[in-house]
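Okay, structure first, notes after.
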Amino acid sequence: MAKLYDAYGNLVDLGRLREEVAAPSLLSVRSIWSEHPTRDLAPQKLARLLLDSEEGDPESYLALAEEMEEKDLNYRSQLGTRKLACAGLPLVVEAASDEALDQKAADLVRDVLQTEEIEDVFTDILDGLGKGFSVCEIGWDTSGRAWTPSRLSWRDPRWFTFDQVDGRTVRLKEPSGPVPLPPFKFLVHRPKLKSGLPIRGGLARASAWSYLFANYGLKDWVGFCELFGQPVRVGKYPVGAGEDQIKILEQAVRGIGSDAAAVIPDGMVIEFVKAEVSGSADLYEKLLRYLDERVTLAVLGQTLTSGQTKGGGGSLALGQVHNEVRKDIMRADARQLCATLARDLARPLVDLNLGPQARYPKIRLQIDEPEDLEALSAFLERMVPLGLEVEQSVIRDRAGLPDPGKGKDVKLLRPSAQAAPNQPQKPDQPVPAAQAAHAQAQPGPDALDRLAEQALSDWVPQLAPLANPLIQAIERAQTYDELRAALATAAQSMDPTALAEVLAQASFVASLAGNTGADLAD
């Protein structure tokens, strides 16, 4: 096999494609155990964590992004909605042209991408939306005669880092230091949600501060509910009470909070003091709702489709606007996902099996409404007979039809009932059966058509008395005003007698034939 290069010009090592490169290991730098940076998370710790991620150590930030999806239900819901909206779209593979090799390449990619195993991995690839990038390792199967990706394994982004020079190229962590990723071995998705470094583009980074403040607000709210939900207990012990008596009273006061029952010595008193609330009791709810809306805006671009708008709804027009925003984001996610699949999966698949190509299959996720096949058929029915040439592969792709078997493909759609324009039928060329049947089905001219043709056979002298005065007026006029003045005189000189007489005779003959049943040919 000739030397192969990836999309970045790196030479492919076929031997390494059969190895598992980024597998987890308990004692290596790629351990499945993770730190928990949300523990005792404070503004100073979060600021340090985000800064470290920019300076080449994103491990703590990536662990934080993972925990945010576990602990923040709103963030998890909105991010999951965005992932599933894109991952659930039908995938379409289009051939670069109608040439046999391009069709074969498209069939090869289609057989791989349109399987349930690969489609289930789309959610793993879209993990880059939250963290700024995602990496999946391709497991190549060479047991048969072809190279086939048997699996796409999600790899923990904590096991990777970025090149210290450009901040964009993903490197694999090794004990000796970061190393380049082997070509054709990894699928790296870097969604471009904002300009700048990929590690700063993830939605987790944009939502981190809201997550921190929401944690503070939720803790305060829970503490408030605990104090406000039950009265304050005050235990009073008599003067001279011993240490043992004081401990008994203290245990009783604490026990009433959860057990609602206690036993105390005679002479001790427990009072229940009703808590008086000052200020707005819904302050914490407003804060948390506001923070949730900010996170939803960051993830979905709008809040109406998530039901978080003020008042719980909106007008139909506003809903349509928000839905268009949602579709715009979904189209961008789908386009970037398809670009990653084409670069890191489709191209290696084609190159390994068919060799390097000048053109590669196109991958797209079908977002728009299904094709209106009736409208498309009506358009082709009108335009193809007029000479419009359309590749059949284009029509099949728009209709969602599979390619025909070998030897059954036709390059262009052409009119079947007549020859193509500028290609007249030769006298000695046999007429195709379909064309002959079409010609026999067309009705010939009837008696009225022949009568009209006979009546107007000498139309030049018949129209002369009408047209000549107008023509003479146009020829004599030198200006527009002169022409307007001459037209009135010309109209008076126009004589319709000859034409009217011919038409009257033809009408009389047709009427007579209709009333008597006589043949017009007689």
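The values are calculated or read from the model by the stated rules, or taken from the named source; none is laboratory data. From a predicted model like this one, the values you see are computed outputs, not experimental measurements. Ideal geometry is used to build each Cβ from the backbone, glycine not excepted, and the neighbour counts take in all protein chains shown.
Would it be correct to say that P198 is of a type outside the set (F, W, Y) and either more than 27 Å from L113 (Cα to Cα) or in contact with a Leu (Cβ under 7 Å, 6 or more places away or on another chain) (or both)? Don't jump to the end; show me each part of the working.
Working: of a type outside the set (F, W, Y): yes; either more than 27 Å from L113 (Cα to Cα) or in contact with a Leu (Cβ under 7 Å, 6 or more places away or on another chain) (or both): no.
Judged against the criteria, P198 is not a match.
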Practice problem: Please find, among G196, G240, G235, G177, the residue that is touching a helix residue (DSSP H, G or I) at 6+ places or on another chain (Cβ under 8 Å) and of a type in the set (G, A, S). | Solution: G235
Exercise. Could you figure out which of (1) of a type in the set (G, A, S); (2) free of Cβ contacts under 8 Å to residues at least 24 places away in the same chain; (3) outside the structural domain of D156 (by TED's automatic domain parsing) isn't true of A214?
Key: (2)
Practice problem: Being in the same structural domain as T340 (by TED's automatic domain parsing), assigned to a loop (DSSP other than H, G, I, E, B) and of a type in the set (K, R) is the filter here, so list the residues in the stretch 1-45 that pass it. | Solution: R18, R30, R39
Quiz item: Considering R347, R359, R343, which residue is over 25 Å from G301 (Cβ atoms), out of contact with any Leu (no Cβ under 8 Å at 6 or more places or on another chain) and not in a helix (DSSP H, G or I)?
Solution: R359
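Among the candidates Q478, Q505, single out the residue that is assigned to a loop (DSSP other than H, G, I, E, B), at pLDDT 65 or above and not basic (K, R).
Working: Q505 fails: assigned to a loop (DSSP other than H, G, I, E, B).
When all the criteria are applied, what remains is Q478.
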Exercise. Would you please name the residue that is nearest to R158 (Cα to Cα), looking only at residues in the stretch 107-126 that are free of Cβ contacts under 8 Å to residues at least 40 places away in the same chain and buried (at least 16 other Cβ atoms within 10 Å of the Cβ)?
Key: D124
Quiz item: Mind checking whether some residue in the stretch 368-384 is farther than 30 Å from C338 by Cα, assigned to a loop (DSSP other than H, G, I, E, B) and at pLDDT below 80?
Solution: no
Self-check item: So S150, is it more than 21 Å from the chain's Cα centre (by Cα), assigned to a strand (DSSP E or B) and free of Cβ contacts under 8 Å to residues at least 12 places away in the same chain
Solution: yes
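With the requirement that a residue be over 28 Å from the mean Cα position of the chain (by Cα), in a strand (DSSP E or B) and touching a residue at least 12 places away in the same chain (Cβ under 8 Å), what does the stretch 170-209 give you?
Of the residues in the stretch 170-209, the ones over 28 Å from the mean Cα position of the chain (by Cα) are 171-182, 209.
With the extra rule that they be in a strand (DSSP E or B), the set shrinks to 171-172, 179-180.
L172, P180 - these are the residues of the stretch 170-209 that are over 28 Å from the mean Cα position of the chain (by Cα), in a strand (DSSP E or B) and touching a residue at least 12 places away in the same chain (Cβ under 8 Å).
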Quiz item: Taking the stretch 1-35, which residues are at pLDDT 85 or above, more than 32 Å from the chain's Cα centre (by Cα) and more than 23 Å from E66 (Cβ to Cβ)?
Solution: K3, L11, D13, L14, G15, R16, R18, E19
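Run down A23, A47, A95, A87 and say which single residue is among the hydrophobic types (A, V, I, L, M, F, W, C) and closer than 17 Å to D333 by Cβ.
Working: A23 fails: closer than 17 Å to D333 by Cβ; A47 fails: closer than 17 Å to D333 by Cβ; A95 fails: closer than 17 Å to D333 by Cβ.
Unique residue meeting the criteria: A87.
Considering only the stretch 159-169, state which residues are surrounded by 13 or more Cβ atoms within 10 Å (Cβ to Cβ) and either part of a loop (DSSP other than H, G, I, E, B) or out of contact with any Lys or Arg (no Cβ under 8 Å at 6 or more places or on another chain) (or both). Spell out the reasoning first.
Of all residues in the stretch 159-169, those surrounded by 13 or more Cβ atoms within 10 Å (Cβ to Cβ) come to 159-163, 167-169.
Result: D163, G167, R168, T169.
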Self-check item: Within the stretch 325-353, considering residues that are closer than 12 Å to I367 by Cβ and among the charged types (D, E, K, R), the one surrounded by the most Cβ atoms within 10 Å (Cβ to Cβ)
Solution: D333
Quiz item: For the stretch 48-65, how many residues meet the condition of being touching a residue at least 60 places away in the same chain (Cβ under 8 Å) and part of a helix (DSSP H, G or I)?
Solution: 9
